[in-house]
1. Once the Cα atoms of the chain are picked out, what are the Rg and Dmax in Å?
2. How do 228, 213 line up, fewest other C-beta atoms within 10 Å first?
3. Let's test the formula: R0 of 41 Å, r as the Cβ-Cβ distance of residue 104 and residue 166. What FRET efficiency results, to the nearest 0.05?
4. Find, among the trypsin sites (Lys or Arg not before Pro) in segment 239-269, those assigned to loop by DSSP (not H, G, I, E, B) with at most 12 other beta-carbon atoms within 10 angstrom.
5. Pop the C-beta distance of residue 27 and residue 7 into the FRET formula with R0 = 30 Å and round what comes out to the nearest 0.05.
6. Residues in segment 207-227 near a label at residue 243, defined as backbone nitrogen under 19 Å from the 7 Å Cα→Cβ point?
7. Tell me, 117, 224 in order of fewest to most beta-carbon neighbours within 10 Å?
8. For an R0 of 45 angstrom, estimate the FRET efficiency from the Cβ-Cβ distance between residue 145 and residue 55 and round to the nearest 0.05.
Amino acid sequence: MSALKNLLEGKPARMPLHPALVHLPIALFPLSVLLDVGSWIFPHPEWQLVRASFVTLIGGIATAVLAALFGFVDFTEIRADHPAAKIATQHMILNLVAVALFAIGAVVRVGELDAAHTAILPLALSIVGLGLVGYSGYLGGDLVYNDGIGAGRHRRRTPTPESTIQVRSSDARVAVADDAALRDGETLRVDVDGTVVTIARVEGTLHAFQEFCTHRYGPLSEGHFAGCHVVCPWHGSRFDMRTGKVTGGPAKVDLRTFHVVSRDGKIWLERPSRS
Ligand code: FES
């Protein structure tokens, strides 16, 4: 199962496959609409523009379904507490609706492939679908460029924490886990009243700092460690875990750090104030 997941994530190819494949439907759908419009400007049945548009549309639908398969695997990788989770859901729903509209239009076209021009209904469905795909494509770019979804996945070195520990408390210090739950070189991810914090034990010392990298929200609980520095898994920004200071770009803004201690067999974290 994990071999299939690795394949769908593009690990053997060492590149994310969803962004590579979406170029095909994004090119084929507009081409199909252009051929439809052409069939109205040049209504010559012998030019076969309606049939050409249909074939292009089928190609767009087939490649969109293929891209969606890889995209869904990327989607399942996004944590529910990541700021991009909502945009990714919108992106997926818009794409599904658009492909459904194109597919309905394709069914309607069958039987009229030798007409002089494309009928109004399938043309209208394609134009609406194209608008949805265009906006959804913009959201997809936003996910990659602004939120780093799918970026640098092959560079992960540390084990990813299975889940985020939820803590709701108004105390100044909160016990977040048993001390034994965190081994050297590993991380815990804790959500304290909406602030997500990474706790790392490195060379015997506990560190606590904000989970999301100040560059593009990379998950620092999945980063790796070099001495007292944590290195972001996405684009390699480096921060001093003791002070939060940036010690290597592309990030320019320091991390928030928090006081954390081990006492009475528990890991205690200073409750983060709202920033
Ligand atoms: S998100 Fe780009 S370096 Fe962390």
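1. Both quantities, over Cα of the chain: 24.7, 85 Å.
2. The most exposed by this proxy come first: 228, 213.
3. Efficiency computed from Cβ-Cβ geometry: 0.45.
4. 242, 252
5. The formula returns an efficiency of 0.75 here.
6. Residues 207-210, 214-215, 226-227 fall inside that zone.
7. By the 10 Å Cβ count, ascending: 224, 117.
8. 0.85
Read-outs: derived from the displayed coordinates by stated rules, not from any lab. Remember, it's a predicted structure, so these values are computed and weren't measured experimentally. Methodologically, a virtual Cβ is constructed for each residue, glycine included, from the backbone with ideal geometry; neighbour enumeration extends over all protein chains shown.
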